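Let me begin by presenting the structure, written as structure tokens, before commenting on it.
The values are calculated or read from the model by the stated rules, or taken from the named source; none is laboratory data. The structure presented is a predicted model; accordingly, all values stated were derived computationally and were not measured. With ideal geometry, Cβ positions are generated from the backbone for all residues, glycine too; neighbour counts draw on all protein chains shown.
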Amino acid sequence: MSERPEEPKQASDAESLLPIDEHIEEGHDAEGRKVRHRGIYLLPNLFTTANLFAGFYSIINSMSAQSALSAGDAIGASKYFAFAAIAIFVAMVLDGLDGRVARMTNTQSAFGAEYDSLSDMVAFGVAPALLAFGWALGDMGKVGWMVAFIYVAGAALRLARFNTQVGTADKRYFIGLASPAAAGVVAGIVWAFSDYGIQGSKMSFLVALMVAAAGMLMVSNIKYNSFKELDLKGRVPFVAILAVVLVFAVVFSDPPRILLLVFLAYAASGPVQYLLRLRRHKKAE
């Protein structure tokens, strides 16, 4: 007869203060008996927490920029806005790492997925909207904060839809613009122009259009390449390594402008491919 694993023990008063999810991990105690433990995985959730911190740091810098503008310090405000935008790009890197670390270490859990979505909402939903509002949209009054809200709502709906489609959607594509990519468009605009000392109030209308478009693309049914089919574990030609090095060299030569162009191109790729498919379909008829 196979030995039945022990049921998870009731948490003590001290343990009840710690975050515990529904994940149950089987193991063995000192006597070799099977036991099951409740808890969360540390490593991937550390990256998710760092992602959350980067989003929070971006919000703090956007608020600091507003204080600097109120004090008449335009140069200081530009620096704070740039820091806020950079923090969003840092959050993107961390967001990409937490999922990969979880898969590589076989530490995926429902808790981690939910925590990741909440962190993404802060880093790629609230932070970019506040950044755009503080830099350019604030001078537009009600229209400005409504545009910012459209972006936040789009990010929330996009993340909720992504969670409900896990395991059923085609992994080769995203349905709608991914929230990190939308955040890259917004953060790229602010970083690229504030780096030149250009004030957002001079281009409020353009920024409003871009932010609203990013928010709408997130909830659209337009397909975007996810690039998840790329095999990063397998062998690759030496030329591929050189190409990666070249890409990094180009990005680091002028990060604000290059990143803005990359994310604008990716955001536009979905509608362009949709129109091309529609055109081919009409020709086939």
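Residue count for segment 224-243 satisfying the condition of being within 22 Å of LYS171 (Cβ to Cβ), out of contact with any Leu (no Cβ under 8 Å at 6 or more places or on another chain) and at pLDDT 70 or above: 3. Checking each residue in segment 139-151 for being without any contact (Cβ under 8 Å) to a residue 40 or more places away in the chain and in contact with a helix residue (DSSP H, G or I) (Cβ under 8 Å, 6 or more places away or on another chain) picks out TRP145, PHE149.
Scanning segment 128-141 for residues that are assigned to a helix (DSSP H, G or I) and over 11 Å from the mean Cα position of the chain (by Cα) turns up ALA129, LEU130, LEU131, ALA132, PHE133, GLY134, TRP135, LEU137, GLY138, ASP139, MET140. Inspection of segment 108-127 identifies at least one residue that is surrounded by fewer than 22 Cβ atoms within 10 Å (Cβ to Cβ) and not in a helix (DSSP H, G or I). Annotation for segment 29-45: no member residue is assigned to a helix (DSSP H, G or I) and modelled with pLDDT of 90 or more. Considering every residue within segment 142-165, establish whether at least one is outside any helix (DSSP H, G or I) and not aliphatic (A, V, I, L, M). No, segment 142-165 contains no residue that is outside any helix (DSSP H, G or I) and not aliphatic (A, V, I, L, M).
For a quick check of your reading of the model, give me the residue pairs whose first member lies in segment 207-224 and is surrounded by fewer than 19 Cβ atoms within 10 Å (Cβ to Cβ), whose second is among the basic types (Lys, Arg) and assigned to a loop (DSSP other than H, G, I, E, B), with beta-carbon atoms closer than 9 Å and at least 6 apart or on different chains. What qualifies is LYS223/ARG172. Quick check, is LYS202 assigned to a helix (DSSP H, G or I), free of Cβ contacts under 8 Å to residues at least 60 places away in the same chain and either surrounded by fewer than 24 Cβ atoms within 10 Å (Cβ to Cβ) or not small (Gly, Ala, Ser) (or both)? Yes: the conditions hold for LYS202.
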